[in-house]
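A short worksheet on the structure shown next.
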Amino acid sequence: MTMTIRRTVACLALSAGTLMGPARAADPPVPIERFFERPAIVDLRLSPSGRQLAFTTSARRERVGLAVMDLTGSMAVRWVAGFSDADIGRFHWVHDERLVFSATDYQEGSGDQHYAPGLYSTRADGSGYQQLVRRRGTPFVVDGRTRDTLLNWNHFLLAVVPGQGDDVIIGQWQAGRVEPMWLNTATGRTREMDLRGAPSHVRAWWFDPQGVPRAALALRDQRSSVHWRGTGDAGWRQLAEAAPDELPFVPEAVDASGALYLIQRHGAGRWRALGRYDFAAGRPSPTSLVEAPGFDMAPELVFDSQGQRLLGVHLETDGPTSVWHDPAMRALQARVDALLPEWSNRLICARCEHPDRVVLVHSTSARDPGRVWLWRDGESGRNALRLLQVSRPDIPVAAMADKQFERIRARDGRELPVWITRPVGLPAQARPPAVVMVHGGPWVRGGHWHWDPMVQWLAARGYVVIEPEFRGSDGYGLDHEIAGYGQWGRAMQDDLADALKHAQSKGLAGERACLMGASYGGYATLMGLIRQPELWTCGIQWLGVADLELLLKGSWWIRDDLLDRTREVSLPQRVARLPEDAALVESINPVRHAALIKAPLLMAYGEKDRRVPLVHGERMRDALRKAGHEPEWVVYPVEGHGWGLEANQIDFARRVDAFLARHLPVAAP
């Protein structure tokens, strides 16, 4: 059965002002720190029985730790794990009495963060703490005791399989492949997994509900392949092979019956849809299970407790939504949405298919960072919902702005998705200045119907924020992404201008506007000031590509993290090919046209950035100086490709605030 999603979640937010209460003119502005500080609740997960809720939190502690709430009566909260020198990152329930988790460091600049977070376990009451995998950089001997019995840092959690006692599946990254094995989280012992006949160079694995490896994605010699071993199969067989960007499908999940769920391209725009593999026909089924025309799916599948039946799918269109195949869950979703129409409500359940189910409701919106309710069966009306947690209690939701989604036409007729956020309380005739936010990537989706600190902060300062999903963006079908190939500095740039002109023509924004973005968005900011100086009053770019030739060719003397395949295949296909396209690259290379930039410009970089090395910014800054146009310039010493430190996020926001106040002031209300 195909379920087609056309829900327009953003429209639900139109009633939010009434339900949440209007912002009052006398309320003081929200301090910058409130937007960029870490939320009180970072992540949360129900235990398999639903009797306990685990969550990571920074409340009342300097570091993010792990806490557990008893949902059976007292609602008591106990702190079960935490570090003095690190924060707790990802975590999972192994079973109702044990959790497994990894470490991160929110107080470390992004340039210093490593990708070997270790692995730890603890009982749900805080006892039985155990380190299982060593973090990269941690010593083998601590307090005179050896740590050489720990697994090395290149081991990481792959999957938690219910019903396997204390065992979980971990992976060892070695020589370009991931090798799975079992790990006992209580003893630290490992045991091998049956991988006889499995392909080499596997990068990703999918397991059935018993933990048996069933599907694998391999990469070798610039070719990707999908492999399968079903119940009763003597060995592995190949289902598909192609260039990595051209695979006809990618596995998504395996259920207890041996069905393979997958993501495939579907429909006129070649959007990603959820389907199943037809083993009898030897190809994906032509009929999708769930599709959302106009949007790519990145689904989260919800199965019953035994992994035998697909109950529903969480996905995102112009907002988070859910599709329930199970009639009882579908009816519950309708009840919750009727009670909380101003939010998008995700149902998180344990024992979903049983009468004693436990259901949490995670409600989010463009205006609300999020809150968690406990659903109580048997109660009626709002009494059925008990508020448990608020993600950012210091954010006044009524003062936050709504975000609207629409599709406009670019100058060449291409459909262009655009997000527009207008400040709260504006008179209909108001035409405030605009900030056009350009997302990075560029082959990612930029806008989402959720609370965004930068967007909300700019709107709170009185700016209309416009976020175009220019051609080349992911999330809106393969055709929309491919339309951006070879269009850096050209049609992709025109899309930004067309989005601004649309907002101006509709009376949503005034004539003055600032262009702003990071990474690719930083490149687009520079090119906008070069190509269309009449549109942009100022520019703000951070971490931006400024020397396109350096990006495409690389350098022996400048270290970056781009793979050889990226420069040999991806960038020539999507951006330009050197030396064949030398004239084109010259025409769209910002550092070559710095003298054309006349508008005020703020530039910021991370000293340890390996994606867009600091030299990009230095070359652009020097070229601007040579042209007699000094930019505002800041370098954060410990940062990489993004601001990891909360203090730097706040500092950068303050700099942007002061820059906009000088060059794009908002009229007093």
key: Where Met297 falls short, out of the listed (1) of a type outside the set (D, E, K, R); (2) outside any strand (DSSP E or B); (3) open to solvent by 10 Å² or more (accessible area, probe 1.4 Å); (4) closer than 27 Å to Val161 by Cα   = (3)
request  = Looking at (1) in contact with a strand residue (DSSP E or B) (Cβ under 9 Å, 6 or more places away or on another chain); (2) modelled with pLDDT under 95, find the lone condition where Ala67 falls short.
outcome  = (2)
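With the structure loaded, tell me whether Ser380 is free of Cβ contacts under 8 Å to residues at least 12 places away in the same chain and either surrounded by fewer than 20 Cβ atoms within 10 Å (Cβ to Cβ) or out of contact with any helix residue (DSSP H, G or I) (no Cβ under 9 Å at 6 or more places or on another chain) (or both) or whether it fails that test.
Numbers: free of Cβ contacts under 8 Å to residues at least 12 places away in the same chain: yes; either surrounded by fewer than 20 Cβ atoms within 10 Å (Cβ to Cβ) or out of contact with any helix residue (DSSP H, G or I) (no Cβ under 9 Å at 6 or more places or on another chain) (or both): yes.
In short, yes.
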query = Do the conditions hold for Ala524, that is, is it out of contact with any Pro (no Cβ under 7 Å at 6 or more places or on another chain), of a type in the set (A, V, I, L, M, F, W, C) and farther than 19 Å from Glu406 by Cβ?
reply = yes
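Inside the stretch 498-594, counting only helices (runs of 4 or more DSSP H) that do not spill past its ends, which hold 3 or more residues that are at pLDDT 95 or above, buried (at least 18 other Cβ atoms within 10 Å of the Cβ) and not aliphatic (A, V, I, L, M)? Before the answer, list the steps.
Values: elements: 520-531, 548-553, 571-574, 582-587.
Here the list reads 520-531.
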query = Which ones in the stretch 244-258 are of a type outside the set (Val, Ile, Thr) and either at pLDDT below 90 or within 24 Å of the chain's Cα centre (by Cα) (or both)?
reply = Pro244, Asp245, Glu246, Leu247, Pro248, Phe249, Pro251, Glu252, Ala253
remark   = Over the stretch 605-637, the set of residues open to solvent by 40 Å² or more (accessible area, probe 1.4 Å), closer than 20 Å to Gly440 by Cβ and in a loop (DSSP other than H, G, I, E, B) is Glu607, Lys608, Arg610, Arg611
remark   = Residue pairs within 8 Å by beta carbon, gap of at least six or interchain, first lying in the stretch 531-548 and within 14 Å of Gly440 (Cβ to Cβ), second among the polar types (S, T, N, Q) and in a loop (DSSP other than H, G, I, E, B), listed first then second, are Leu543/Ser519; Gly544/Ser519; Val545/Ser519
remark   = Of the residues in the stretch 85-102 that are surrounded by fewer than 20 Cβ atoms within 10 Å (Cβ to Cβ) and of a type in the set (Asp, Glu), the one that is nearest to Pro48 (Cα to Cα) is Asp96
task = Of the numbered conditions (1) hydrophobic (A, V, I, L, M, F, W, C); (2) open to solvent by 10 Å² or more (accessible area, probe 1.4 Å); (3) touching a His at 6+ places or on another chain (Cβ under 9 Å), Leu347 fails exactly one; give the number of that condition.
result = (2)
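Restricted to the stretch 477-495, and to residues that are touching a helix residue (DSSP H, G or I) at 6+ places or on another chain (Cβ under 6 Å) and crowded, with 20+ Cβ neighbours inside 10 Å, which residue is nearest to Phe36 (Cα to Cα)?
Gln493
With respect to Gly176, determine if the residue is open to solvent by less than 30 Å² (accessible area, probe 1.4 Å), in contact (Cβ under 8 Å) with a residue 12 or more places away in the chain and in contact with a strand residue (DSSP E or B) (Cβ under 7 Å, 6 or more places away or on another chain).
On the way: open to solvent by less than 30 Å² (accessible area, probe 1.4 Å): yes; in contact (Cβ under 8 Å) with a residue 12 or more places away in the chain: yes; in contact with a strand residue (DSSP E or B) (Cβ under 7 Å, 6 or more places away or on another chain): no.
Here the answer is no, as Gly176 does not meet what is asked.
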note = Condition set crowded, with 16+ Cβ neighbours inside 10 Å and modelled with pLDDT of 95 or more, scope the stretch 211-221, selection nearest to the chain's Cα centre (by Cα): answer is Leu217
inquiry  = I'd like the full set of residues that are surrounded by fewer than 21 Cβ atoms within 10 Å (Cβ to Cβ), without any contact (Cβ under 8 Å) to a residue 60 or more places away in the chain and either under 16 Å from Leu500 (Cβ atoms) or out of contact with any Ser or Thr (no Cβ under 9 Å at 6 or more places or on another chain) (or both), limited to the stretch 429-476.
reply    = Ala430
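When the residues of the stretch 33-72 are narrowed to those that are of a type in the set (Lys, Arg) and in a loop (DSSP other than H, G, I, E, B), which ends up most open to solvent (accessible area, probe 1.4 Å)? Talk me through it step by step, then tell me what you get.
Here is the first cut: in the stretch 33-72, the ones of a type in the set (Lys, Arg) are 34, 38, 45, 51, 60-61, 63.
Pick out the ones that are also in a loop (DSSP other than H, G, I, E, B) and you get 38, 51, 60-61, 63.
Details: Arg38: 69, Arg51: 122, Arg60: 225, Arg61: 122, Arg63: 35 Å².
Among them, the one singled out is Arg60.
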inquiry  = I need a count of the residues in the stretch 35-77 that are free of Cβ contacts under 8 Å to residues at least 12 places away in the same chain and of a type in the set (Asp, Glu).
reply    = 1
Subset of the stretch 155-173 (residues that are open to solvent by less than 30 Å² (accessible area, probe 1.4 Å) and not β-branched (Val, Ile, Thr)) = His155, Leu157, Ala159, Asp167, Gly171
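Return yes when Arg270 is over 20 Å from Asp194 (Cα atoms), touching a residue at least 12 places away in the same chain (Cβ under 8 Å) and not aromatic (Phe, Trp, Tyr) and no when it is not.
Values: over 20 Å from Asp194 (Cα atoms): yes; touching a residue at least 12 places away in the same chain (Cβ under 8 Å): yes; not aromatic (Phe, Trp, Tyr): yes.
Criteria met by Arg270.
The values are calculated or read from the model by the stated rules, or taken from the named source; none is laboratory data. The shown structure was predicted, so the numbers you read here are calculated from the model rather than taken from an experiment. Ideal geometry is used to build each Cβ from the backbone, glycine not excepted, and the neighbour counts take in all protein chains shown. Please note that ligands, DNA and RNA were not included when accessible areas were found on the heavy atoms of the full protein model with its side chains. Shrake-Rupley method; radii C 1.70, N 1.55, O 1.52, S 1.80 Å.
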